[in-house]
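Enquirer: Starting off with a structure, shown below.
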Amino acid sequence: MRPLPRLFAVLVCLVSSGFAQEGYQTPPPALAAIVDAPLAPELMLSPARDRVLLLTRAEAPSIADLAAPELRLAGVRFNPQTHASNRSGGFTQLAFKSLLDGREQPVTGLPAGAKLSGVSWSPDARHVAVIAQVGTAPGALWLVDAATAQARALTGPQLNGVLGDPVDWFGRDALLVKIIPADRGAAPVRTPDDLAPVVQEAKGRKAAARTFPDLLNGPQDEIEFEYYATAELARVDLAGTVTPLGVRGLFSVSPSPDASHFVVISVRRPFSYALPYSRFPQRVEIFDATGRSVRIVADLPLADDIPTEFNSVRRGPRNVAWRDDAPATLAWLEARDGGDAARESRIRDELLMLPAPFNGDPVSLLTFGLRASRVVWGDATRAFASEGWVKTRRSRWWQFNPSQPGAAPRLVFERSTEDRYGNPGDFVTRRGEFGRSVLRFTADGQGLYLQGEGASPEGNRPFLDRLDLATLQTARLWQSAAPHYEEFVAFLDDADTRVLTRRESTTEAPNYFMRDLADGTTTAFTSFPNPYPQFAGVQRELISYPRADGITLTGKLYLPPGWKPADGPLPTLLWAYPREFKSADAAGQVRDSPHRFVRVSPSGPLPYLLLGYAVLDDPTMPIIGEGKKEPNDTYIPQLVASARAAIDELVRRGVTDPNRVAVGGHSYGAFMTANLLAHSDLFRAGIARSGAYNRTLTPFGFQAESRHFWKVPEIYASMSPFNHADRIKDPLLLIHGQADDNQGTFPMQSERMYQALRGLGATARYVQLPYEAHGYRARESLLHVLWETSTWLDRYVKNAPTKDRKE
């Protein structure tokens, strides 16, 4: 195990007795080992389907890594030295593995100690592009020869990833690259002379928005954002020749499938201090391969008037993308209801396309009665598009003919998004003529394939189906069977008989297998070891139990290694996250599978099994509002009823001591935790991480609540545990990243909640994690959170005196 560095080994803990400075702490060795457990490599299948690329994931970064310079501007965070995020994981090693003989071939030639990212196969499967970033320098583009596994540099350290991935394949023999301008001059320096009042002004027009982090806050922020995010576009061939294309600014770029054109979406002034850069004015422009502007598709104004109602969208072209099955045809969606979901409209959206040479008006392919979201292209006459509506939970898939614009589409699927049992699955795709993902039709061209998780009352059983396009009837080709949980990954041959799957069981770590659909035989392809052998004896069961109102609830029950009923009831940790439903039947559907491998995250509840706790992970906490009722109208009573039902079931099974139960959660689960302590006497203690506790600070909606505060102030008030802090009598541990970047869960939420608890005489502890965002990443932080949580549980739950539980 690596030693903890002395640098940055200070974090702030605020406790009910006052302020204290404490260093990073280490939990018991069994828990600490979880943080350093090796992660299985990621797998990237070659377009030729003859090999895979294995990507070794980087270990948890140090707090020093997170403490590197970082600017937070216009909703994006980046290191001004590397022009990339400090927080992305990346990879450390690459290796090819043959699907024919299993031989592994490590990639050589990459710079030592490089952080690898942006890994992508070329369309012809002959090369792999990699961004290698070393030290404090920006990333450089490297190319790996798939035949020899040798890597070589194509550019120097000059890539600009401030506004996203800076590299994309441009055909099979070149790449489009966003480069830091060589002539941009010295970085701006802030001086006292730059100080000035920062003014925002509303002029009587509605411009509601949810709470966004890291926004611009003054002219100097604007200057810095523009300086660091500005990039130049260049074409880089496989010999390393860099050809500037004359495009410069704040932009994203997407090449056409045939590499004859590319589309640029550029961010333009005026900037906003109330919205992230994705809402700034934009220009959508098509260029040819030499960088000559061909057509301006749209100039979009600042999107500061998108209603907060779910399904509201920006006016003008959105989801701009190339047709994957055509050489150079641009397609996009446009709202026909003004983007306002609250407005009554028979037609909500329209799908348009504009083929090369991009003259004339865009062609209307079809219109939608709900909000369109996704298009999957097949061939010249077959494509599929989806639409949905959050309020009604309706979802539809349509088949349409791109060669017959305006022709009536054919309804293929219609269902409730809450109905997991009725989910037909997702379309299986293949690499098409231009290396893009297109629909995989059956050999006779009369059907296609669907893959899904196979939710059922017995748990998830992933499947592969054939959909007959004439009858729309499905035939099951394969389905996972006990005692394994096995998922379809990809077809490995043109006959559609050999597939790659990922398989696991309660005792077998996930690995990849080659399966023959004709005879059912399987061949192991990988043999990744169990990263958590200390959990081998953990008992796992997917349980179901009733709520008082008859709703069936489920949860994953874990018992410590070696525990027997004769050992007596255990202290228990319940870790949950509430979800909203419009259907009671859907709320009672089973999630997950009883045949999954025990996955252990240092941020989750399972580590505490090693300390003798029972764990009920992800017990369903449905908040239901059927018909005209909204789920949150009865949030508190439903929440308490679900928690009570879970504890009753654990007590009935003889695994839980009802006087020694803790509750915990992250984000909305933290909000739940505080509410359960305020409105019930079911728990001895709570652990709330990165939560929001005062809903008046998110006045234009939160989670699945679309009504604003001024419309239903009583709902915001009743659901806010801050308003009921005086009722919290059990110990509450609050943990929050000081750099939380999630909408609505600013660190101030935990700070104010702690101040209320402290002022009211409650038992509370508030831990601020330096440099951490909404999720915690640094090794020191992960270890410390394990220590804080285990110490809290032992002190206030496991070793707590007897407490009568109120019924």
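The values are calculated or read from the model by the stated rules, or taken from the named source; none is laboratory data. The structure displayed is predicted, hence computed values, not measured ones. Reconstructed Cβ throughout: ideal geometry from the backbone, glycine too, with neighbour counts over all protein chains shown. Surface accessibility is based on the protein's heavy atoms, side chains included, excluding ligands, DNA and RNA. Shrake-Rupley method; radii C 1.70, N 1.55, O 1.52, S 1.80 Å.
Enquirer: Considering G454, G445, which residue is in contact with a strand residue (DSSP E or B) (Cβ under 6 Å, 6 or more places away or on another chain), free of Cβ contacts under 8 Å to residues at least 40 places away in the same chain and either assigned to a loop (DSSP other than H, G, I, E, B) or surrounded by fewer than 17 Cβ atoms within 10 Å (Cβ to Cβ) (or both)?
Expert: G454
Enquirer: Also: Can you run down the residue pairs with Cβ atoms below 7 Å, 6 or more apart or on separate chains, where the first is in the range 313-338 and without any contact (Cβ under 8 Å) to a residue 60 or more places away in the chain and aromatic (F, W, Y) and the partner is assigned to a loop (DSSP other than H, G, I, E, B) and open to solvent by less than 20 Å² (accessible area, probe 1.4 Å)?
Expert: Once the first residue is without any contact (Cβ under 8 Å) to a residue 60 or more places away in the chain and aromatic (F, W, Y) and sits in the range 313-338, its partners that are assigned to a loop (DSSP other than H, G, I, E, B) and open to solvent by less than 20 Å² (accessible area, probe 1.4 Å) give W332/P317.
Enquirer: For Y485, indicate whether it is assigned to a strand (DSSP E or B), farther than 21 Å from E414 by Cα and of a type in the set (S, T, Y).
Expert: yes
Enquirer: Another question about this same structure. Would you please name the residue that is surrounded by the fewest Cβ atoms within 10 Å (Cβ to Cβ), looking only at residues in the range 754-791 that are basic (K, R) and part of a helix (DSSP H, G or I)?
Expert: In this case the residue turns out to be R758.
Enquirer: Any residue at all in the range 230-248 that is closer than 16 Å to V76 by Cβ and surrounded by fewer than 18 Cβ atoms within 10 Å (Cβ to Cβ)?
Expert: no
Enquirer: Now for a different question. Would you confirm, using the coordinates I've provided, whether F746 is open to solvent by 30 Å² or more (accessible area, probe 1.4 Å) and among the hydrophobic types (A, V, I, L, M, F, W, C)?
Expert: yes
Enquirer: Being farther than 29 Å from R758 by Cβ, of a type outside the set (F, W, Y), touching a residue at least 24 places away in the same chain (Cβ under 8 Å) and crowded, with 21+ Cβ neighbours inside 10 Å narrows it down to one of L639, L733, L676, L650, so name that one.
Expert: L650
Enquirer: State which residue pairs qualify: first residue farther than 20 Å from R695 by Cα and inside the range 741-765, second residue among the hydroxyl-bearing types (S, T, Y) and crowded, with 22+ Cβ neighbours inside 10 Å in any location, beta carbons under 6 Å apart, and separation of 6 or more residues or different chains.
Expert: Going by the 6 Å Cβ cut-off, the qualifying pairs are A764/Y754.
Enquirer: Which of (1) more than 22 Å from T789 (Cα to Cα); (2) among the aromatic types (F, W, Y); (3) over 24 Å from the mean Cα position of the chain (by Cα) is the odd one out, the single condition Y766 does not satisfy?
Expert: Going through the list (1) more than 22 Å from T789 (Cα to Cα); (2) among the aromatic types (F, W, Y); (3) over 24 Å from the mean Cα position of the chain (by Cα), Y766 breaks only (1).
Enquirer: Restricting the search to the range 249-258, which residues are crowded, with 21+ Cβ neighbours inside 10 Å and either more than 21 Å from N319 (Cβ to Cβ) or out of contact with any Lys or Arg (no Cβ under 6 Å at 6 or more places or on another chain) (or both)?
Expert: Passing the criteria: L250, F251, V253, P255, S256.
Enquirer: Follow-up question, since we're still on this one. State yes or no: is V615 open to solvent by less than 20 Å² (accessible area, probe 1.4 Å) and in contact with a helix residue (DSSP H, G or I) (Cβ under 8 Å, 6 or more places away or on another chain)?
Expert: Taking the combined requirement at face value, the residue satisfies it.
Enquirer: If only one of A129, A186, A95, A147 is assigned to a loop (DSSP other than H, G, I, E, B), of a type outside the set (S, T, N, Q) and touching a residue at least 12 places away in the same chain (Cβ under 8 Å), which one is it?
Expert: A147
Enquirer: If I go through the range 660-673 residue by residue, how many of them are buried (at least 24 other Cβ atoms within 10 Å of the Cβ) and of a type in the set (S, T, N, Q)?
Expert: Selection size over the range 660-673: 1.
Enquirer: Which one is surrounded by the most Cβ atoms within 10 Å (Cβ to Cβ), of the residues in the range 259-278 that are hydroxyl-bearing (S, T, Y) and more than 16 Å from L354 (Cβ to Cβ)?
Expert: Per the stated criteria, the residue is S272.
Enquirer: Residue by residue through the range 499-530, note down the ones that are closer than 15 Å to R466 by Cα and either open to solvent by 30 Å² or more (accessible area, probe 1.4 Å) or modelled with pLDDT under 95 (or both).
Expert: L517, A518, listed by residue number.
Enquirer: Out of (1) under 29 Å from A74 (Cβ atoms); (2) open to solvent by 30 Å² or more (accessible area, probe 1.4 Å); (3) of a type in the set (D, E); (4) assigned to a loop (DSSP other than H, G, I, E, B), the odd one out for D740 is which?
Expert: The one condition D740 does not meet is (2).
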